[in-house]
Amino acid sequence: MQAVPTSRGFADVTMKVSKEPRALSEVMPRDGSRNDLKILPTNPDYLRLPVPSISSMSSYDISQFAFMMNTYGAVILVPETDEDRLAPYQMLDRLFGTTVQHDAANEYGIVEINPAKPTSINTANPKKEHLPHTDDAYTENPSMFCTLQCIQAAPSGGGETVLISGAELVAALSNKELKALMKPGMVSMGRRPAADGSWMKVSSIPMFWVDQDSGWLQVRWRCNDGCVGDVDTEAKPAYEQMDAVARGEVHQLVVKMFPQELLVIDNRAVAHGRRSYEADEPRVMWRKNYEGDGELAEQLRNGLCPSYSSMFDGMYSMFEPTLVDLKT
């Protein structure tokens, strides 16, 4: 297993101001060459952080975890000893704070993802891949952090977790398209329970916005998987481009998870999904999401990148005050 890097080893490069609008694919390098842009690695093992146990992570473990989250936007905690399945949440609750409520959660705030007890139309059919999405895209204030603990992996090895950097989605856009998607009402996304497939909740908040407190660009995403409602005609070409990118294997990081491993995702920077597996196979994951107001609130940066980054020199008109902060 590769050691956790202590630095990316790249200098922050200031981009020259151009008189012509530049494509976002040109100013957002996805090669790890910038310290202010979260990008997933090409090797899933780089996300793995071995710890003696998740419930008793040391201050050093926590600092390594925070560094990796700020670098990649996702970390897989790998406990080296067995512990009770609920034990990790003592640490997670401490680090990430308030639990985001869900109508299918148990008394611990955990939602079991299990096709035998499906909670949505997308978890009900394992033979169909669950396309990349950010959690709570149907709400007015999506979770800051998503956690997924592997309780039982599919015996065949299928059902792998799929991750995609939000930066890949942004890079598919023009400046004008990104600016349009920073307005509310462009794309509506809903939650559809497995029982009847009805539209239980729907939200049309912006797909991208700048957090007023941090200045970081945030993403809300869902592939067209049956839970996307109206797409405004102004946004349709851009949405279809991003949908194609999110589905493309070349942009995806495929992660095989094993029992007791726990994946933590920056839900404002990285989308996740699942590959297909056989309908008669057992596969169980525990999901618990957080508001991010815990002990690591000051150390972790939520989102893709700062909107004031030198990447965007000459392009700051994309981030007008009226497009900042989804709560305004």
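The values are calculated or read from the model by the stated rules, or taken from the named source; none is laboratory data. Keep in mind it's a predicted model, so treat the numbers as computed, not measured. Glycine gets a Cβ as well: all are built from the backbone with ideal geometry, and neighbour counts include every protein chain shown.
Here are some notes:
- Given (1) at pLDDT 90 or above; (2) farther than 26 Å from V254 by Cα; (3) surrounded by 14 or more Cβ atoms within 10 Å (Cβ to Cβ), index of the condition L37 fails: (2)
- Entry remark, the stretch 103-135: residues being under 20 Å from V264 (Cα atoms), among the charged types (D, E, K, R) and surrounded by fewer than 22 Cβ atoms within 10 Å (Cβ to Cβ) number 1 in total.
- The stretch 250-274 - residue that is modelled with pLDDT of 95 or more and surrounded by fewer than 18 Cβ atoms within 10 Å (Cβ to Cβ) and, of those, nearest to A167 (Cα to Cα): V254
- Residues located in the stretch 278-328, provided they are aromatic (F, W, Y), out of contact with any helix residue (DSSP H, G or I) (no Cβ under 7 Å at 6 or more places or on another chain) and modelled with pLDDT of 95 or more: W286
- Within the stretch 225-247, being within 17 Å of the chain's Cα centre (by Cα) and at pLDDT 95 or above holds for M242, D243, V245, A246, R247.
- Residue pairs meeting the criteria (Cβ under 9 Å; at least 6 apart or on separate chains; first farther than 15 Å from I265 by Cα, in the stretch 293-307; second among the acidic types (D, E) and at pLDDT 95 or above): G294/D93
- The stretch 275-310: number of residues that are of a type in the set (G, A, S), under 20 Å from the mean Cα position of the chain (by Cα) and either surrounded by fewer than 20 Cβ atoms within 10 Å (Cβ to Cβ) or more than 24 Å from S53 (Cβ to Cβ) (or both): 5
- Boolean, L178 is assigned to a loop (DSSP other than H, G, I, E, B), surrounded by 21 or more Cβ atoms within 10 Å (Cβ to Cβ) and not β-branched (V, I, T): no
- Qualifying residues in the stretch 85-108 (those that are part of a loop (DSSP other than H, G, I, E, B) and within 19 Å of the chain's Cα centre (by Cα)) - the one nearest to R34 (Cα to Cα): G97
- The criterion of being over 30 Å from A194 (Cβ atoms) and either free of Cβ contacts under 8 Å to residues at least 40 places away in the same chain or among the basic types (K, R) (or both) does not hold for T71.
- Residue in the stretch 214-249 that is surrounded by the most Cβ atoms within 10 Å (Cβ to Cβ), counting only those that are in contact (Cβ under 8 Å) with a residue 40 or more places away in the chain and acidic (D, E): D225
- Cβ separations smaller than 7 Å between residues 6+ apart or across chains give the following pairs from the stretch 84-98 residues that are under 25 Å from Q152 (Cα atoms) to residues that are among the aromatic types (F, W, Y): L86/Y108; Y89/Y108; F96/F145; F96/Y290.
- The residues of the stretch 109-122 that are touching a residue at least 12 places away in the same chain (Cβ under 8 Å) and either out of contact with any strand residue (DSSP E or B) (no Cβ under 9 Å at 6 or more places or on another chain) or assigned to a loop (DSSP other than H, G, I, E, B) (or both), listed by number, are G109, I110, N114, P115, A116, P118, T119, S120, I121, N122.
- Scanning the stretch 49-84 for residues that are assigned to a loop (DSSP other than H, G, I, E, B) and surrounded by 14 or more Cβ atoms within 10 Å (Cβ to Cβ) turns up S53, I54, S55, S56, M57, G73, E83.
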